[in-house]
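Comments concern the structure below.
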Amino acid sequence: MKSSIETVSPVERKIHVEVEPERVAQELDTAYRTLSRQVKIEGFRPGKVPRHILERRFKAQVEADVAQTLVERTWRDVIVEQKLDVVSSPTVDDVPALKIGEPFKYDARVEIRPVITAKDYAGISVKRGKHEVTAKTVDEEIEKVRQSFSQTVPLTDRDVAQKGDLAVIDFDATIDGAPFQGNKGENTTVEVAEGDFVRGEVAQVEGMKVGSEKTIDYTFPADFRIKQAAGKLAKITIKLKELKKKELPKLDDELAKDANLGQTVAEMREKLEAALKASAKAEKDRETRTALVQGLIAKNAFDCPKAMIERGIDAMVEGGVERMAQQGIDVRQLGLDLHKLREELRGKAEEEVRGALLLEAVAKQEKIEPTEAEIDKRLEELAKENGVPLERVRDLFRRPERREGLVIRMREEKTLAFLESKAKVEET
């Protein structure tokens, strides 16, 4: 087999491959022997069908299959031989037809990982919020806990809706006088508050008396999940059936126990404060990473393989679908325009790919790598966080692919820490 490589761009190569006639003949012989055992032709036992009979009936299909097989088997050999760090399978515009007794030639295009020398990565400007955790923010978090354990009880002292009430309603909506999917609801609880009908906030209920009806105008959001109603003006007839109110639990030790946040209010406060600080640190880390990555990208232009961007988009779409499925949402019912969604995600995916490649380049240039001691410490942390024996975690990360993933994440973390130490950081 002969091969040569043509540089199309810094991230694309064109492979020229020539397979010798002898190998073509061998592949054809193998294909016809296999076919002879598989087909049933009257007058011949399996495996005994003469080749000329098979050629008369299946020649075009056999030769097309062999041509495709030769492409699939030979391009990998070329990649290894030419030491190409490919990031995509080859694209062959037209698989040529076989010509008996002649070499089989084809051209294929592949994308390769770019060779990057990062520059100007010291002194990147980073702006990030302070994300302070104060007594007030802890109090607000405690109030959220109380809200989560609130109960709704009927209002018995009046029958006219006021702001802040919870209203139980039936509703019937039409668009241009016609019903649509999901246009009716019974015993739906909404809040009497300014906001959005689809989020359960209906200010127009204020002043209504239990048992009365009212028709309101409402324009559905342009991105509403039911396409038939998205962006459309609807008339919604509301019947007020009942008024309720939220009843909050007392702030006491029982609440702490019910919320699984300790045995006392003091313990609950300590745990919530620790959680808020961890969340604030995570948010600050995200802001820092974003600023550092964007700074790196701004200072380092390079060609980015399209295949890597497409895989990044794939991961984002799959992750979104998985999260919705966990929330009980059937994405098939949302009428998503997948092409439009992918285009909306393209910019973010490209930034992620460029950032990862640049961080990898900085790590290589600065010889940044997690040590065995750091990896062991991370495994201990994972065991503690997940409440599993350390040895089980170690067994899990003995698998090459899992260990490699962990090392990549840790290398990136260390590289970001290095860049942050060299950055111009401004707390806003």
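Structure notes:
- Close pairs from segment 229-252: first in contact (Cβ under 8 Å) with a residue 60 or more places away in the chain and more than 20 Å from V210 (Cα to Cα), partner among the aliphatic types (A, V, I, L, M) and outside any loop (DSSP other than H, G, I, E, B), Cβ under 6 Å, at least 6 apart: A234/A173; A234/I175; E247/V153; P249/L255
- The requirement of being in contact with a Pro (Cβ under 8 Å, 6 or more places away or on another chain), closer than 30 Å to S9 by Cα and assigned to a helix (DSSP H, G or I) is not satisfied by L292.
- Of all the criteria given as (1) crowded, with 18+ Cβ neighbours inside 10 Å; (2) modelled with pLDDT of 95 or more; (3) assigned to a loop (DSSP other than H, G, I, E, B), the one not satisfied by L98 is (2).
- Screening A280 with (1) touching a residue at least 24 places away in the same chain (Cβ under 8 Å); (2) in contact with an Asp or Glu (Cβ under 6 Å, 6 or more places away or on another chain); (3) closer than 30 Å to V138 by Cβ gives one miss only, at (2).
- Answer from E322, E270 - the residue that is under 30 Å from P389 (Cβ atoms), acidic (D, E), modelled with pLDDT of 95 or more and out of contact with any helix residue (DSSP H, G or I) (no Cβ under 7 Å at 6 or more places or on another chain): E270
- Residues of segment 384-420 that turn out to be farther than 16 Å from V293 by Cβ and either part of a helix (DSSP H, G or I) or touching a residue at least 24 places away in the same chain (Cβ under 8 Å) (or both), as a count: 19
- Filtered residue count, segment 356-365, keeping only those that are out of contact with any Phe, Trp or Tyr (no Cβ under 6 Å at 6 or more places or on another chain) and surrounded by 19 or more Cβ atoms within 10 Å (Cβ to Cβ): 5
- Evaluating K127 against the criteria (1) of a type outside the set (G, A, S); (2) surrounded by 11 or more Cβ atoms within 10 Å (Cβ to Cβ); (3) at pLDDT below 90; (4) not in a strand (DSSP E or B) leaves one unmet condition, (4).
- Looking only at residues of segment 256-267 that are touching a helix residue (DSSP H, G or I) at 6+ places or on another chain (Cβ under 7 Å) and either outside any helix (DSSP H, G or I) or of a type outside the set (D, E, K, R) (or both), we find that the one that is surrounded by the fewest Cβ atoms within 10 Å (Cβ to Cβ) is Q263.
- Looking only at residues of segment 203-219 that are assigned to a strand (DSSP E or B) and of a type outside the set (D, E, K, R), we find that the one that is farthest from K241 (Cα to Cα) is T219.
- Screening K40, K14 for residues that are out of contact with any helix residue (DSSP H, G or I) (no Cβ under 8 Å at 6 or more places or on another chain), in the same structural domain as P96 (by TED's automatic domain parsing) and closer than 16 Å to K105 by Cα leaves exactly one candidate, K14.
The values are calculated or read from the model by the stated rules, or taken from the named source; none is laboratory data. These numbers come from a predicted model, not from an experiment. FYI the Cβ positions are ideal-geometry reconstructions off the backbone, even for glycines, and counts take in every protein chain you see.
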